[in-house]
Structures are given as structure tokens and as C-alpha cells.
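First the structure, in the form of C-alpha cells, and then the observations on it.
Laboratory data are not the source of any read-out in this text; all were calculated from the coordinates shown. Not measured: the values here are computed from a predicted model. Here the Cβ is made from the backbone with ideal geometry for all residues, glycine too, and neighbour counts use every protein chain on show.
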Amino acid sequence: MTKYSLLSLFIFILGSFASAQHSTKEAFEVQVEWTNPDSEINNGTAKVIVKGGTAPYLYKWSNVETPLASDESHGLIEGMKHSVLVTDAEGNSVSKTFKIPAESITEIFNSGVQPAVDVLGAVLFWDAFASIGLYDPVVYASHKDVLLPRISKAPQESFLVKSWLVDHETQVEKGQKIAILENKEQKEYIIYADAAGKLEHIAQQGESVSRKPETGSFKSPPLGVIHFDEPQALQHPNGDVKTNTIPFIVIWLILGSIFFTLRLKFVNIRGFKHSIDLAKGKYDDPNAPGTITHFQAMATAVSATVGLGNIAGVAVAISLGGAGATFWMFLAGFFGMSLKFAECTLGVKYRDIDEGGRIFGGPMNYLRYGLEKKNLKRLGKFLAAFFAVLGIGASFGGGNMLQSNQAFKIVSEQIPALQGHGFMFGVLFALLVGAVIIGGIRSIAKVTAKVVPVMAIFYVIGCLVVIGYHFEYIGGAFAAIFEGAFSADALKGGFIGVLIIGLQRAAFSSEAGVGSAAIAHSASKTNHPIADGFTALVEPFIDTMLVCTMTALVLIFTGMHETNTGLGGVELTADAFGSVVSWFPTVLAIAVFLFAFSTMVSWSYYGMRSWTYLFGKSKKIEMIYKVMYLLFVVLGASVSLGAVLSFADMMILAMSFPNIIGLYIMAPEINADMKAYWQKLKDGKLYINPQYLKTKK
């Protein structure tokens, strides 16, 4: 070997060694350190430690709420797998999967239930239209507003545009300084471009811009607009693309509502006046079979549906979908009236009254015996049992624990001394609920007949005060609703997003199609099952078209749906009330407590009838259920239950599957009974309460 070959070999070995040393030194390694701070659920944290590679790094977490630039993720579920993909500036990537061990009983239980929530959610919220490529579910935006900074909760914040740092219609890059603002205290704020594109000035230099302009516009006025060269897909903080979904469960409920509205020839309009007459007691026959009046049945059903969803749920829906979601929510409530008519008619028709006068009715009965008449005995028995299982789960979760959990949270915010004493609150709440439900449907009906009108009037008056205070904005508010319904801002998810958010809130709120109200109406004193169908018409009107719409209007009139989108649902509504009168959040807390109490009382009866259908009709069996129900009241107020509540809440929606299948099959029967009843009403053959006639003389 020549000296040149030896030299080359030496240089090669030396270079390889140096390269190896360099490679070892710069190796891209990632470690994840996790923390489980306490026994509370869903509060795990994880931090990424990076060695080597080339900064800056991007961190793509499986948690969609964690930004790409953050090396820490919070609010993680203990006992579940999580992942993070770390990418350096040269495009090298390392993926890590980790699990934060669940240590407390609640954490273990929560992580055990979460997979069931994911499975049920995949069914209920499956988007069939996107799956077959009927539409593109990705949310795109053609521009992005340059908004005022959010310094405090005060809705009247104003800023002076001290100077634009970039000329009008000039290309800007993300993160570039574009303007300097000054507040009333002469403190300067630098505004950065949070997207790349062409900048359009809306506010002029030297102009004062307020968050609540006198024009009646309820959106925080933009300083400018950044127009994209091409529409861009919106992203979650972790970089995942945002999509609109059209949940199967929402389509299932809405199609059922529209079907019965058309099949029964708009009975929701034709029968509305008669519905009011029935609720007033004009046709109450004291000798008719049953235990409660038409009004008490209606009050019991309304008390179960008017709850936290009308306050917190609507606030979230409006903040996500904008003012336009109100229109679709109202419309869905209108169609839901016909679906309530159908299920409550059958609830009475197929009820069973035992020798002691106790009544057993609801979807369990008409699914089993109604379908048996159609020679579908096996299907009927399966659907009835399936409904009963879901009804029990829903009563313990969405109808009980969710209500006590949220009631404690809201009341303890107004009474700080209660914080940390959820168990005692739960015990007292359980005693209050127990005092009502131990007495059965008569006791429940008497309480709800008193509580429902009071809480509804109480809440609506509060809403009217807020709306009246901002009455000069009425034109802008309704313009925002109608414009938003049909030509929605892409940043709010586009037309499809606004439509589905409105329909979804209405479907979840009124429970039309779920079948729960049919259980309450089955106890009504009547000789004509169809009469309770008419009584039930007014329930979605009260729950969705009145109470939900009033909540939405409060948010829109105060502008809170635009300026406080980072807050939770109840906080959002409380801020809207508090913007008019400082002590109004206390009024709201009282309303929420009443809503939660009435919902729990009514759902105890729904769950008990589902329970007795499966396990027997003895009073001992009923008492076992009632004791369990009260224990769950305490549990809901004292423990964080996360996935358990989500699963139980989903079970309420799942009840609509067996229920609406049965309603479709029995639609001709409902229609025939309605025609016969209409004829009796026209011929004057219905019983009219003499006391009512006497007052008319």
C-alpha cells in the first residue's frame, strides 16, 4: 500500500471518527416528563425535554388545545395514552407515546369509562355525509380580522389607533408588528399580524375604536383585515385542521321532527291554541283515569328539559356558531313540537294502570305492545328493553349527577364558604330532592307545577331587563341573527357550522324524540291519549323557542358572545347579566339551582319507570331505585366525574334511536287517532270542565 493510500485511509478514518463524534454530540433525543399533581381527574401535565437537534422545535400534541410552540401540555386524562411529535428546524422528527398513571379511584374509573365515551361518541356524532364525500368538512377562511386586544372584561374598552406600522393593502408576514394602540391610561399595545396576507386598514390612524360601537354592531370592530392569497384551512392550537361535522344523532332527531310535522299536517301550528286550552284545564275531567292534570304533566316534562343546557349550552353554542345559530335553534324547536306530540300521545295510549292506581307508561310500553300489534313482537321487546337500559343510565348521569355537579359549582361561586364542601352540599341537595321524589309522581307533579312557572318567569324577566337595557341595539341584534344564519362568517365555521350548531343545541335542549316526556305524560288524567299529545306541543316552545332564545338574545344584545369567547358557558351568561346589573349573576345562580333541582326531580321518575320495567313493579323495587338516585346526587356534587357524565349525557341522546324507530312504525296509528280526536272536538263531544264554563258566563 502506497503512502498516499495510507494517508487517504488515515484521513478517512479520522473523518469518520470526527463525524461520529459530531453525530453523537448532535443526536436528536426526546424525553417526556409527566406529572399527576393530585387525585383530581383530567389535570395531568407533560413536559418535553429535547437534547440535540436544531432549534426552534415544534411540538404536535395529541391534545388539540396545546399549541404547536408549547413544550408543555396540561389537562391530560390520567390512565389514557397520549402522544407528542417533536420536529426540529431541519425537519427531523421524534414521536413519543406516554401514559400518565391513574392513581386515585376517580382517575381509574374515569379512564376506564373514557373508551366507552369514545365509542358512543363515534356512533352518535358520526358524519355520514362527509364519509361518502358529499361535502368537504374542512373549515376554510378567506381572511382574518385584526381585533382589539382583550385587556379586561369591561365591554366598553376603547383604544386610540396611534399609528399603523404597515401601509394599507401591503403584504405582511405572520408575527410582524403592524400597529400601535393606546388606551385611556395612555398605555401602548403593539398589535402583531397572526397570519400572512394583504393588510387592509379598517380603523384609521388617530381614530378611537370601541368594543361597543353605537352602530348596533355586536361584533368587536376589527382594526383591519388580513386577506389571504388563497382560502386557508383553520387549525386547532395543536395544528390539526378544524372540521365541521353533521352529527348523525342531530340528523336523526331533525328528520324525525320534520317527518311528523309534515305527516301530521303542521299540528304544531293547528293545535297550538288547543294545547293552551288543555294546559289551562278547560278539558280536565276529574273522573278520567290517571293521577295528574294536563298542566302538571306538562310542567313535569318541561322541568326535566329546562336546565343547564338552556343557559350554559346555549352560551357555548352562540359563542361557537355566532348570532346566526339562534335562528336555526328556534326553527328546530318549532319542528320538535310535532315530535313531542307523537311520542306523548303513545305514552298515554299504551300505559298500564294497576289495581292500586299506579301508572306505568312511556316508550317502554308503546315500543313493546305497540309493535306487537304490528306483528313485530321481537323487535318491540328488544327496543323497549334497550330504551329502558339507556333511560336508567341517563337518569343517573345527565338527569342527576350532571345537575348536582354544576349546581354546586355555580352556587359555590356565589357563596365562597361552600367551596370545598361538595359532599355537604350534595347531602342537603339529596334531602331536598328526596323530600319530593319519595312521594311519587303526585308529589313530583305538585312541586314542578309550582316551581316551573316561577323559574321560567323569574329567568325570562331577568332576560327582558338585560334586553331592555340594550334596546337601542335591537336592529343590529336581529340583523346579526338573520345575516349570520344565511351568510355566516367563515371564521365561525361557515354556513354548515352555524346550521348544525343551532340544530344541535335545540335537539339536545328540548329532548323531542328522546321519549322522556312520554313517561311523565303517561300519568295524565285523560280519556283521550291524543289530548296529551296536544298538551306536549307547547313544551319545546317553552324550552327552546322561549328560554333558549332569550338566553341567546341576552348574549347577543350585550355582545358577550363575541368578546368573551374564551369563557365557559355559565360564565359567559353570567357576564352578560352582570354587564347590566352587578348582582344579576346571583339571580342567575338562583335560576340555575332551580333548573337543576326541577330537572333532577323529573328525571328521577323517568329513571324509576325504566327501572321498574326491567326489574319489576313492586314498591320495594321502586324504593331501591330512589335510594340509589339520592346517593348519586351526593356523588355528583362531591366528586369530579368527567367521562362518566359525558357517557351518561350521551345516553339521553341514544334513547332517541329505539324511540323514533317505533314512532315511524306507528305513525299511521297516531295520525288516525288525531283525526278522530279533531272530529270529536269539532262536534263538541269532548268533556269540558264545568268550573271553566262557569267562569266564562
Item to check | Angle between the chain longest axis and helix 422-437 axis [Cα atoms, degrees, rounded to 10] | outcome: 20
Next on the checklist: Can you find, among PHE647, VAL633, THR87, the residue sitting farthest towards the positive end of the charge dipole of the chain, where Lys and Arg contribute +1 and Asp and Glu -1 at Cβ?
Outcome noted: VAL633
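Can you compute the charge dipole magnitude of the chain about its Cα centre, using +1 on each Lys and Arg Cβ and -1 on each Asp and Glu Cβ, nothing else charged? Give it in debye, rounded to the nearest 20.
So the magnitude is around 3340 debye.
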Next on the checklist: For a Förster distance of 45 Å, can you work out the FRET efficiency between the beta-carbons of GLN31 and ILE132, rounded to the nearest 0.05?
Outcome noted: 0.55
Checklist entry - What's the local net charge at PHE125, with K and R +1, D and E -1, over the other residues with C-beta under 13 Å away? => result -3
Checklist entry - Assuming R0 = 35 Å, what is the FRET efficiency of LEU68 and ILE461, from their Cβ-Cβ distance, to the nearest 0.05? => result 0.15
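Let me have the relative contact order for the chain, percent, based on Cα pairs under 8 Å that are six or more residues apart.
20
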Checklist outcome for this item: GLN176 neighbourhood, Cβ < 14 Å, K/R = +1, D/E = -1, net charge +1
Checklist entry - For ALA417 and LYS619 in one chain, what is 0.36 nm times their gap in residues minus the Cα-Cα distance, to one decimal in nm? => result 68.8 nm
Item to check | Cα-projected label distance for GLU483 with GLN204, points at 7 Å along beta-carbon direction, nm | outcome: 2.1
Checklist entry - Between ILE590 and PHE98, 0.36 nm times their residue separation minus their Cα-Cα distance comes to what? => result 172.8 nm
Checklist entry - To the nearest 500 deg cm²/dmol, what mean residue ellipticity at 222 nm is calculated for the chain from DSSP H runs of n ≥ 4 alone, each contributing -39,500 (n - 2.57), summed and divided by the residues? => result -17000 deg cm²/dmol
Checklist entry - Which entries in the list LYS450/LYS619; LYS144/LYS174; LYS265/LYS680 go over 22 Å, if you measure between the two C-alpha atoms of each? => result LYS450/LYS619
Item to check | Cβ crowding within 10 Å averaged over residues, with 404-415, 512-523 ranked highest first | outcome: 512-523, 404-415
Item to check | Packing rank of 185-193, 261-269, where each peptide gets the mean count of other beta carbons within 10 Å, highest leading | outcome: 261-269, 185-193
Item to check | Sequence ranges 653-660, 423-430, ranked by mean other-Cβ count within 10 angstrom, highest first | outcome: 653-660, 423-430
Checklist entry - Among the DSSP beta bridges whose two residues both lie in the chain, what percent are antiparallel, rounded to the nearest 5? => result 100
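Please work out how much length the chain gains when fully extended from LYS685 to PHE272, using 0.36 nm per residue of separation minus the C-alpha to C-alpha distance, in nm with one decimal.
146.7 nm
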Checklist entry - Any idea what the relative contact order of the stretch 338-428 is, in percent, if you count C-alpha pairs under 8 Å spaced at least 6 apart? => result 15
Checklist entry - Can you tell which of LEU346, ILE438, GLY393 lies farthest toward the positive end of the dipole of the stretch 321-446, using +1 and -1 charges on the Cβ of basic and acidic side chains (Lys, Arg; Asp, Glu)? => result LEU346
Checklist outcome for this item: If every Lys and Arg gets +1 and every Asp and Glu gets -1 at its Cβ, then about the Cα centre the stretch 155-201 yields a dipole, in debye to the nearest 20, of 80
